[in-house]
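Some notes on the structure that comes next.
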Amino acid sequence: MTKYFWQIILAISVTLGVFIRVYKIQTNYYFTGELGKELLYVKDLIAADKFPLVGLATSHEWLHYGPLYYWKLIPLVKIFGGSPFVLFWFALAVSVAGLLITYWVFSKTVGKKFAALTTLFISLSPLWIWASRLSKLHVFFFVLIPLCIYFLHKIWQKDRGKMFWLGISYGMLFSFHFSQLPMVVLFAFVFYLRRKILKFKDYSRFVLGIILPNITVFIYDAGNGFEMIKNLFLWIPYRLLGFLHLYPKNNLTSVSAGTTLSAFNELFGRNLFWDNRLWILGSLVFLIMYFSFFVQNRKKIFKDFFVFYLVFSTAIQCFALVIHTSPPIHYFMPVYLNFALLLSHFILKYSDRITVKILTPAIFVLLFVTGILSINFEHVNDTDYLPLKVQENVADYIIRDAKGEAFRLSRVGPYDYFPETYNQNYKYLILLKGGKVDPEAKTEYKLFEGGESVYVQRYDGN
């Protein structure tokens, strides 16, 4: 084995990962109302020359993301223009950085063989490719979660100096989502286990690290009577009481239980398969690996960081999302890595067996081949997918038909219960092409989506 063997494996992993993430993106770009909303927000910030203290509101209108994503996106839009693809190329760069950081973290904490296998898997996994091609701000979890794992590992090894950096990496996550909240329980476990070496100033550094990336959020929230903080502390017990059937408006119904199981099935199944009909197999593979790992290593849970992390991070995040009920797939992002970590562990554990020697390369070849074949049908499970070319044609038609006059937009289709009927992708394209959208205009264009086509109806007057 050459001196640079594992670096070569890393280079191959990144190359394959980039290729399959870029493959046919020009025709299969998933530009939705959510991405349009991001670009409209940035466009308004640039036009007003504003420095945002917070990011966009989440699905809970009282809760805003932190501003880091927009601080990075604003200069990119200024430099590269308003093309919708700026979000994709940004997400791709972050995704590749995530591959490199994942390799670095696990080469330091477990070993180079393990790190290479893990990186190769996530470079080819349908879940990771799909999430990267969605081009959402959540992709930053691919960089920050491995860093959180690294700093937590150092604290496990009694390196008190990493408390501040754990706080920084964890605090930065609030600019990209709030699904990492349950990880506080994981951190608390480690802090308790290392309580003899941790001092008050170490906890203070951790808290300071969380605050610093979010200082502008606290400033914004202070100007609004700390509405976000108060609502967040009320929302958590609200969810818990609903789960326990103690709050009648938030009971866990059979419907929400079913959608919760479906979300778990998607998480575990999409790690291996593009086709949702096969996700149940991926879920079975994960469950077998997880419980086998637990049984085999149960005596080392509080002695070995890797065992501790895999067992407790999975259990804590999954339990929290059962309480939440009906979680979207990105709510699992703090534990996206865990399937790859378990698989890499078992491959190395049984690497001397002939079946494993045959199956391992076969798994990676199949992941790559099925990924290439499936990109053409990538959004078969996404009910709101429409080719960008169709959206651009709709925007061109409306602009021509309006003949320079202002108009308002509405939309009938998947997720039209979201603000502005989830039409911000069309609004952004129309404004980018010089159209005039005014919510107070008398003329209205209503878009009816069906399959991969859009019917446009014009209404004049009130």
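The values are calculated or read from the model by the stated rules, or taken from the named source; none is laboratory data. From a predicted model like this one, the values you see are computed outputs, not experimental measurements. Note that we place each Cβ from the backbone using ideal geometry, even for glycine, and neighbour counts take in every protein chain shown.
Tabulated results
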{"read-out": "Pairs, first part of a loop (DSSP other than H, G, I, E, B) in the range 225-251, second exposed (fewer than 14 other Cβ atoms within 10 Å of the Cβ) and modelled with pLDDT under 70, C-beta under 8 Å, six or more apart", "value": "N251/H245"}
{"read-out": "S107 being under 17 Å from N271 (Cβ atoms), hydroxyl-bearing (S, T, Y), part of a helix (DSSP H, G or I) and assigned by TED's automatic domain parsing to the domain that holds E266", "value": "no"}
{"read-out": "In the range 265-322, the residues that are assigned to a helix (DSSP H, G or I), among the charged types (D, E, K, R) and in contact (Cβ under 8 Å) with a residue 12 or more places away in the chain", "value": "E266, R270"}
{"read-out": "Residue, surrounded by the most Cβ atoms within 10 Å (Cβ to Cβ), within the range 33-66, restricted to residues that are among the hydroxyl-bearing types (S, T, Y) and more than 14 Å from Y428 (Cα to Cα)", "value": "Y65"}
{"read-out": "Some residue of the range 354-361 being part of a helix (DSSP H, G or I) and of a type in the set (S, T, Y)", "value": "yes"}
{"read-out": "Filter result (at positive phi and not in a helix (DSSP H, G or I)) within the range 414-462", "value": "Y415, G434, G451, G461"}
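Per-residue answers, yes or no, for (1) closer than 30 Å to T383 by Cβ; (2) surrounded by fewer than 17 Cβ atoms within 10 Å (Cβ to Cβ):
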site	(1), (2)
A263	yes, no
L267	yes, no
I280	yes, yes
F286	yes, no
M289	no, no
F294	no, yes
R298	no, yes
D304	no, yes
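Residues are listed down the side, and each one gets a yes or a no for (1) under 19 Å from I375 (Cβ atoms); (2) surrounded by fewer than 21 Cβ atoms within 10 Å (Cβ to Cβ):
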| site | (1), (2) |
| --- | --- |
| F85 | yes, yes |
| I122 | yes, no |
| S125 | yes, no |
| S135 | yes, no |
| F142 | no, no |
| Y170 | no, no |
